[in-house]
There are 2 protein chains.
Amino acid sequence: MVKPERGPRERMVFSAAQLIRRDGVEATGMRDVAAHAGAPRGSLQHYFPGGKEQLVAEALRWAGRYAADRVARFLAAMERPTPSGLFAAMVGQWTDEYRTSGFAGGCPVAAATVDRAQSSETAREAAADAFAAWTRPVADALTGMGVPAARSEPLATLMIGALEGAIVIARAERDVRALTTVARELGPLLDAAATEA
Amino acid sequence: MVKPERGPRERMVFSAAQLIRRDGVEATGMRDVAAHAGAPRGSLQHYFPGGKEQLVAEALRWAGRYAADRVARFLAAMERPTPSGLFAAMVGQWTDEYRTSGFAGGCPVAAATVDRAQSSETAREAAADAFAAWTRPVADALTGMGVPAARSEPLATLMIGALEGAIVIARAERDVRALTTVARELGPLLDAAATEA
DNA sequence: CCCTCGTTATGACAGCTGTCATAGTAGCCC
DNA sequence: GGGCTACTATGACAGCTGTCATAACGAGGG
């Protein structure tokens with residue numbers, strides 16, 4: 001998650017996602033977002049007339065697209081893609097971050113769901129859309145690897161669910177143990193689904 | 001999660017857990033907790049001189065014990081316990097709640113991790129302890145069902161991780177799909193680990 | 001030069017937060 | 001009754017929140 005040099009609007013959306021995944025939605029203030037993005041405070045009401053609601057929703061949309069792009073990139077980097085290999089890459093992104101940069105942040109979509117699912121319908125919908133945008137390419141990839149069509153989406157949900165849960169546990173424990181565990185335990189199951197056809 | 005008729009102190013701890021799992025730690029105010037518990041506001045500083053930090057930590061301890069007790073009760077209710085049966089019971093608790101009471105709340109431990117892992121060391125530790133208190137009886141149960149000792153704890157972590165992730169997804173989607181999916185997909189894997197011995 | 005429009009600047013607003021100081025009450029033991 | 005302890009009540013505090021009103025800037029076109 002490196003900050004690209006885009007316009008101030010895009011930087012604020014990115015910064016919002018960054019801060020949300022660190023501190024949660026509620027603890028992330030609009031003034032913090034502008035400061036983190038190096039954007040003027042006055043631009044907030046100009047670019048996001050819908051207020052925090054809109055900013056959070058756009059941050060989640062961004063996160064969903066980002067996750068989907070990562071999946072595509074993982075697949076492109078593997079010469080002989082396997083379900084376990086894809087899952088290992090998805091998990092590896094998090095173990096790498098935690099090992100090199102510490103356990104400061106989690107998944108922004110999960111954070112928004114925990115903080116806002118009950119209090120903001122638009123945030124909840126945006127989170128659901130983000131999960132859907134993430135699940136789709138994973139499921140498609142599984143199908144492409146020989147997983148029966150009927151099981152691709154369930155298995156993709158299992159992968160993302162196990163990853164999300166492991167992220168939470170790892171962050172609480174400040175240990176990547178949970179992440180490496182789910183990757184190791186789930187790998188054979190995923191590969192088996194691709195070969196039984 | 002039915003409210004027992006205990007003293008005001010215990011009621012406040014319980015109410016804190018209840019509100020945290022609904023709205024997150026940050027959005028849960030001390031005044032809200034007292035009101036929800038039907039306890040006087042003045043009792044907060046009397047019972048919890050450590051402030052919100054202490055209240056949150058105790059709520060997480062309570063949640064960890066509660067989860068562990070539920071596992072023990074699930075096991076006691078099964079005449080021939082199997083790993084998949086235990087997992088189905090754990091997931092079933094959530095599908096039942098969501099189907100009958102709506103998707104208002106998630107797991108308080110996950111909520112605290114998302115909101116406070118970075119900002120409060122004691123809350124983070126309390127969350128890690130809660131996960132540990134929950135994992136232990138699950139792993140012990142797996143061992144008792146014939147799962148090799150070396151795989152019991154990893155599989156318990158996988159179960160709890162997948163459940164936590166599915167809770168988040170289900171709450172975002174307002175659909176139990178993710179929960180039923182992980183229970184169905186993971187069941188055979190768990191039972192296989194118990195019989196290969 | 002002036003006018004316009006996308007952007008920014010600034011200050012204010014009510015509302016809420018956790019925390020604290022202080023006082024008050026109820027009950028029990030001596 | 002006096003004194004002690006456990007608990008409750010209440011009001012205040014500074015600090016922060018999201019939002020808004022208002023004004024100023026700055027470049028580009030007429």
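Give, rounded to the nearest 20 debye, the magnitude of the charge dipole that chain A has about its Cα centre when Lys and Arg contribute +1 at Cβ and Asp and Glu contribute -1 at Cβ.
520 debye
Once you've got the GNM for chain B with C-alpha springs shorter than 10 Å, pick whichever of B:Pro137, B:Pro49, B:Pro108 has the biggest mean-square fluctuation.
Looking only at B:Pro137, B:Pro49, B:Pro108, the biggest GNM fluctuation is shown by B:Pro49.
For the stretch B:108-152, what does the equivalent ellipsoid look like in terms of its semi-axes, each the square root of 5 times an eigenvalue of the Cα gyration tensor, given largest first in whole Å?
29, 8, 7
Among B:Glu53, B:Glu185, B:Glu153, which one shows the highest mean-square fluctuation when chain B is modelled as a Gaussian network with alpha-carbon springs under 10 Å?
Looking only at B:Glu53, B:Glu185, B:Glu153, the biggest GNM fluctuation is shown by B:Glu185.
Highest GNM mean-square fluctuation, chain B, Cα pairs closer than 10 Å: which of B:Arg65, B:Arg177, B:Arg21?
For chain B, modelled as a Gaussian network with Cα springs under 10 Å, the answer is B:Arg177.
Please report the buried accessible area for the interface of B with A, total over both chains, probe 1.4 Å, in Å² to the nearest 100.
It comes to approximately 3700 Å² buried between B and A.
To the nearest whole number, what is the average tally of beta carbon atoms from other chains within 10 Å of the beta carbons of peptide B:181-194?
Across B:181-194, the average partner-chain Cβ count within 10 Å equals 3.
Ignoring ligands, DNA and RNA, what percent of the 1.4 Å accessible area of the stretch A:74-190 is carbon and sulfur?
Result for the stretch A:74-190: 53 percent of the exposed heavy-atom area is carbon or sulfur.
Could you do me a favour and compute the accessible area per residue for chain B, 1.4 Å probe, result in Å²? Before the final figure, lay out the partial values.
On the way: 8070 Å² over 197 residues.
With all protein chains present, chain B gives 41 Å² per residue.
May I ask for the angle, rounded to the nearest 10°, between helix B:8-23 and the longest principal axis of chain B, with both axes built from Cα atoms and the value confined to 0 to 90°?
Between helix and principal axis, roughly 70 degrees.
With viscosity set to 1.567 mPa s and temperature to 4 °C, compute the Stokes-Einstein D of chain A, Rh being the Kirkwood radius across alpha carbon pairs; µm²/s, no decimals.
Translational D for this selection: 74 µm²/s.
Determine the equivalent ellipsoid of the protein assembly as shown by diagonalising the alpha-carbon gyration tensor, then write out the semi-axes as square roots of 5 times the eigenvalues, largest first, rounded to whole Å.
Numbers: eigenvalues 198, 177, 57 Å².
Values for the protein assembly as shown, descending: 31, 30, 17 Å.
For the stretch B:55-109 and the stretch A:115-176, what is the centre-to-centre distance using only Cα atoms, to the nearest Å?
Using only Cα atoms, the two centres lie 21 Å from each other.
Would you calculate the separation in nanometres between label points at B:Glu125 and B:Ala77, each defined as 7 Å from the Cα along the Cα-to-beta-carbon direction?
Going from the B:Glu125 label point to the B:Ala77 one covers 3.5 nm.
Report, for B:Arg80, each distance to the same residue's label point in the other copies, shortest first and in nm; define the point 7 Å along Cα→Cβ.
4.2
With everything on Cα atoms, drop me the angle between helix A:177-195 and the longest principal axis of chain A, reported from 0 to 90° to the nearest 10.
That helix lies at roughly 50 degrees to the long axis.
Per the helix-only calculation at 222 nm, which mean residue ellipticity applies to chain B, given -39500 (n - 2.57) for every DSSP H run of n ≥ 4 and division by its residues, nearest 500 deg cm²/dmol?
-26000 deg cm²/dmol
The values are calculated or read from the model by the stated rules, or taken from the named source; none is laboratory data. Quick caveat, the model's predicted, so the values are computed rather than measured. Virtual Cβ from ideal backbone geometry, glycine too; neighbours counted across all protein chains shown. Just so you know, the surface numbers come from the protein's heavy atoms only, side chains and all, with ligands and any DNA or RNA stripped out. Shrake-Rupley method; radii C 1.70, N 1.55, O 1.52, S 1.80 Å.
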